[in-house]
Amino acid sequence: QVQLQESGPGLVKPSQTLFLACTVSGASGPTAFYYWAWIRQPPGKGLEWMGVISYTGSTYYSPSLKSRTSIARDTSKNQFTLQLLSVTPEDTAVYYCAASKTLILGATNKNLYNDWGQGTQVTVSS
């Protein structure tokens, strides 16, 4: 019913800002679920939960990324976005957006989500 698709630049230079968008397709769009999350997986590492936004706009962030991370909604475009400031090569990862009906703080198990995007590779390099 609902599909998620990440989009954004595949290459970002160090110190720049990363912007990604997750487009929600379906009859209800981004209102189909309560929480919309961003999760990433650096090469050779496990999944890292970054944060989440509810359909009302409330946000929750990973403590380790909170100072650099902003998640927002754009209901007119059926999108929610990720902004990551001052990126470094450590931010190189596959970035996923995902949707769930309940909030489980820090959840990285894909089975806990109702929908999951295919992911987009982001490389931070000069």
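Numbers for the structure displayed
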{"quantity": "Mean Cβ neighbour count within 10 Å, used as a protection proxy, ranking 60-68, 36-44 highest first", "calculated": "36-44, 60-68"}
{"quantity": "Burial order of peptide ranges 71-81, 92-102, 5-15 (average beta-carbon count within 10 Å, highest first)", "calculated": "92-102, 71-81, 5-15"}
{"quantity": "Residue pairs, from the table 13/77; 13/45; 77/101; 45/66; 45/110, whose Cα atoms sit over 23 Å apart", "calculated": "13/77"}
{"quantity": "Backbone HN-Hα couplings from phi across segment 6-16 [Karplus 6.51/-1.76/1.60, Hz, Gly and Pro as x]", "calculated": "7, 8, x, x, x, 9, 10, 7, x, 6, 7"}
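Where a number appears in this text, it was derived from the coordinates with a stated rule and is not lab data. No experiment lies behind these values; they were computed from the predicted model shown. A quick note on method: Cβ atoms are made from the backbone with ideal geometry, for glycine too, and the neighbour counts reach across all protein chains shown.
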